[in-house]
2 protein chains.
Amino acid sequence: MSTTQGARARARIEVTAAIKDEARRQLAAEGASKLSLRAVARELGMVSSALYRYFPSRDELLTALIIDAYDSVGEAAEVAHAEVADAGPLRRWIAVCEAVRGWALAHPHEYALIYGSPVPGYVAPETTVPPAARVALLLIGIARDAHRSGALTEPPLPADLHPEAERMVADFAGDLPPAVAVALVAAWAELYGLVSFELFGQFRQVVEEREVFFRHAVRRLALGVGLVDA
Amino acid sequence: MSTTQGARARARIEVTAAIKDEARRQLAAEGASKLSLRAVARELGMVSSALYRYFPSRDELLTALIIDAYDSVGEAAEVAHAEVADAGPLRRWIAVCEAVRGWALAHPHEYALIYGSPVPGYVAPETTVPPAARVALLLIGIARDAHRSGALTEPPLPADLHPEAERMVADFAGDLPPAVAVALVAAWAELYGLVSFELFGQFRQVVEEREVFFRHAVRRLALGVGLVDA
DNA sequence: CCAATGCAAGAGCGCTGCTCTCTTTTTTGT
DNA sequence: ACAAAAAAGAGAGCAGCGCTCTTGCATTGG
């Protein structure tokens, strides 16, 4: 039934994809704020108003690109992780972090779109949540495996964070120790601090050997979570 | 001579300030991308073209706001630090970090302007460097004081980062141990990762008790730099 | 076969940053 | 003191933007 459900439906899918492709091209070339519906339409040989049959607004188009970007960085991290799936937790952690950094350097504007300042007044719809969680799930998985195999030393946790930590465990950290859940969330945010500072130019004239610096920094993040040196 | 160097010069200073004030108002209200020269001029009762006598372009106006924002967060951090100047390094570190977070929560759009995605194609001019360094200098100063008083344990530093670390020390870290300089830079970036994730909504449904979580996280950052528990 | 639907096109609204020209006002040099 | 020069404001205008509305055409399903 879905094989050939009319030339119209097929054309719609193709045009939608073409719009996203061209929009992604412009995004990569000039950045989100220069992404123009009219320019996309022009490049595709259609008139601007026709584009509204596919995306009800510029924000909706951006949302589609955001989801794709989350999926793209998530997949890059998953692929890099799969390549060292048999290695120790520390090695896997570093592989995921370096994959995120590599993807960010290769797709700076898409990175800025998802981890930079949110478009003003724009609230990400629920649809973006699952793809956004892919990298985080990888990191959680690494910690969980380490925990199961005994290669995890619990970091300290102050008393006033116990309730919060328990909630995190119940919500998404599964069978991880609460202190590890808290440390993971912090390390996750700190990882993006490192990537963002490099990408947004804050390391200019401060860090030169960015590759080795990053590797060292994320290694220390892993140690902070409790992953032991393998 | 500079007391009354003509009504014209004084008027120019006042008008320039009024433009920046109104622009900051709009920035705080709607965000950088909605800041409009025409709207600023309208609000000030002038015509849009007149504004170009004071700022040659929208980007230049934004740059002025960026510098002010760096100074604003820098001063907030310095004030908070001065209030606990006699305390131990850890306490001072936490005070600075919490001041940054507090400022960011109070001025989200200005924070996004300086630490979010850079305006596409926009490269910050050299003028922005000194104000941007104020917070970093505070953190360096805390580490230096701790080092002098012996309250600093050197973190580990892999061999391949030694040259980079030496360069950092020569460039801006003064008499700090190289390993501390590297750890400081990383902690600095990680601090902004924590603040950005909270501000840009990545902690939604993940971290609820953001205040205590943040305090704990930056405390661990300080420990990672080598500041010892006082 | 024909009515209903989907889609593209075009015109148009109000907004934007920015430039150019023209007039008025203030400062400066002789 | 007065003319030349510099600075500032006003207004029109250009090209671009997101978005809406109406109109004609093609495809589709009953």
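The values are calculated or read from the model by the stated rules, or taken from the named source; none is laboratory data. Just so we're clear, the structure is a prediction, and the values are computed from it rather than from any experiment. Virtual Cβ from ideal backbone geometry, glycine too; neighbours counted across all protein chains shown. Each accessible area value is taken on the protein alone, full model and side chains, heavy atoms only, with ligands, DNA and RNA left out. Shrake-Rupley method; radii C 1.70, N 1.55, O 1.52, S 1.80 Å.
A quick yes/no check of all residues on (1) within 16 Å of DNA strand C (Cβ to nearest atom); (2) not hydrophobic (A, V, I, L, M, F, W, C):
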site	(1), (2)
A:R38	yes, yes
A:R42	yes, yes
A:P56	yes, yes
A:I66	no, no
A:S72	no, yes
A:E78	no, yes
A:H81	no, yes
A:A95	no, no
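Kindly indicate whether A:G193 is surrounded by fewer than 21 Cβ atoms within 10 Å (Cβ to Cβ), at the interface with another protein chain (Cβ under 7 Å from one of its Cβ atoms) and within 20 Å of A:A104 (Cα to Cα).
No, not satisfied.
Tell me whether the stretch A:61-68 contains one or more residues that are among the small types (G, A, S) and under 27 Å from B:G116 (Cβ atoms).
yes
Show the residue pairs meeting these rules: Cβ distance below 6 Å; 6+ apart or different chains; first residue within the stretch B:47-71 and in contact (Cβ under 8 Å) with a residue 12 or more places away in the chain and within 14 Å of chain A (Cβ to nearest Cβ); second residue among the acidic types (D, E) and more than 16 Å from DNA strand D (Cβ to nearest atom).
That search, which allows pairs on different chains as well, returns B:A69/B:E110.
Mind checking which residues of the stretch B:1-36 are near DNA strand C (Cβ under 10 Å from one of its atoms), closer than 26 Å to B:L105 by Cβ and outside any loop (DSSP other than H, G, I, E, B)?
Of everything in the stretch B:1-36, those that are near DNA strand C (Cβ under 10 Å from one of its atoms), closer than 26 Å to B:L105 by Cβ and outside any loop (DSSP other than H, G, I, E, B) turn out to be B:A23, B:Q26, B:S33, B:K34.
Do you know which of the residues in the stretch A:149-162 that are part of a loop (DSSP other than H, G, I, E, B) and more than 10 Å from chain B (Cβ to nearest Cβ) is surrounded by the fewest Cβ atoms within 10 Å (Cβ to Cβ)?
Among residues in the stretch A:149-162 that are part of a loop (DSSP other than H, G, I, E, B) and more than 10 Å from chain B (Cβ to nearest Cβ), the one surrounded by the fewest Cβ atoms within 10 Å (Cβ to Cβ) is A:G150.
If we only count helices (runs of 4 or more DSSP H) wholly inside the stretch A:43-140, which ones have 2 or more residues that are closer than 30 Å to A:G201 by Cβ and open to solvent by 30 Å² or more (accessible area, probe 1.4 Å)?
A:58-83, A:89-106, A:108-115
Would you mind finding the one in A:A146, A:A165, A:A186, A:A170 that is in a helix (DSSP H, G or I), at the interface with chain B (Cβ under 7 Å from one of its Cβ atoms) and aliphatic (A, V, I, L, M)?
Criteria check complete, one pass: A:A186.
Is it the case, given these coordinates, that A:V206 is more than 18 Å from B:G224 (Cα to Cα), part of a loop (DSSP other than H, G, I, E, B) and touching a helix residue (DSSP H, G or I) at 6+ places or on another chain (Cβ under 7 Å)?
yes
Out of the residues in the stretch A:173-182 meeting the condition of being open to solvent by less than 10 Å² (accessible area, probe 1.4 Å) and outside any loop (DSSP other than H, G, I, E, B), tell me which one is nearest to the other protein chains (Cβ to nearest Cβ).
Result: A:V182.
Considering only the stretch B:14-31, I want to know if a residue exists there that is touching a Gly at 6+ places or on another chain (Cβ under 9 Å), open to solvent by less than 30 Å² (accessible area, probe 1.4 Å) and more than 20 Å from B:E211 (Cα to Cα).
Checked the stretch B:14-31: at least one residue is touching a Gly at 6+ places or on another chain (Cβ under 9 Å), open to solvent by less than 30 Å² (accessible area, probe 1.4 Å) and more than 20 Å from B:E211 (Cα to Cα).
Determine if the stretch B:173-194 includes at least one residue that is modelled with pLDDT of 95 or more, small (G, A, S) and more than 20 Å from A:R215 (Cβ to Cβ).
no
Please go through the stretch A:209-223 and give me each residue that is open to solvent by 10 Å² or more (accessible area, probe 1.4 Å) and either in a helix (DSSP H, G or I) or touching a Ser or Thr at 6+ places or on another chain (Cβ under 7 Å) (or both), ordered by number.
Once the filter is applied, which keeps residues that are open to solvent by 10 Å² or more (accessible area, probe 1.4 Å) and either in a helix (DSSP H, G or I) or touching a Ser or Thr at 6+ places or on another chain (Cβ under 7 Å) (or both), the stretch A:209-223 yields A:R210, A:E211, A:V212, A:R215, A:H216, A:R219, A:R220, A:L221, A:L223.
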